[in-house]
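Encoded as structure tokens, the structure appears first; notes follow it.
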Amino acid sequence: MVGHLRSLEAHRLGSTLVRTIVVDLPDRLQVDLQSVVSIDFAGVHALLSRYATAIEYGTRYRVADSDPEVGRVLRATDTFDLLGDSEDLGALLLAVLTRPVSHTGACPTAGARYPR
């Protein structure tokens, strides 16, 4: 990946990662963001959703070597530690337990409902 990880690029990366995970079934997949200088919500979403795909298919997934600006965005969205190591159960639990819940009790990202 080089440049910006935004809407169209995020969609392309997400598609490529899904194909790699589902077709190649690698034991480990590392996404190198060293040359990515900016990321938006679509980029974060692509990385997170492919993290879930990797876990589902038994692939160790890691996002590494992010630019300081990209790292700042990942930290601001509480995804930096989670994406850094799919084998870090503590980061996964923290992400699940601290995700926002809407006023209706529904999780905005997963659509799950929580008891009040």
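No value in this document is a laboratory result; all are computed from the given coordinates. All values derive from a computational prediction rather than experimental measurement. FYI the Cβ positions are ideal-geometry reconstructions off the backbone, even for glycines, and counts take in every protein chain you see.
Between Leu25 and Ile55, full extension at 0.36 nm per residue minus the direct alpha carbon distance yields a gain of 9.7 nm. Each peptide in 13-24, 38-49 gets a packing score, the mean of other Cβ atoms within 10 Å over its residues, and the list from highest to lowest is 38-49, 13-24. Shape summary: region 2-98 maps onto an equivalent ellipsoid whose semi-axes, from the alpha-carbon gyration tensor, are 19, 17, 11 Å in decreasing order. Spin-label model, Asp85 to Arg12: label points 7 Å out along the Cα-to-beta-carbon direction sit 3.3 nm apart. HN-Hα J couplings of region 18-30 from phi, Karplus 6.51/-1.76/1.60, θ = phi - 60°, integer Hz, Gly and Pro as x? For region 18-30, the Karplus-derived couplings read 4, 4, 4, 5, 6, 8, 7, 6, x, 5, 9, 9, 10 Hz, x marking Gly and Pro.
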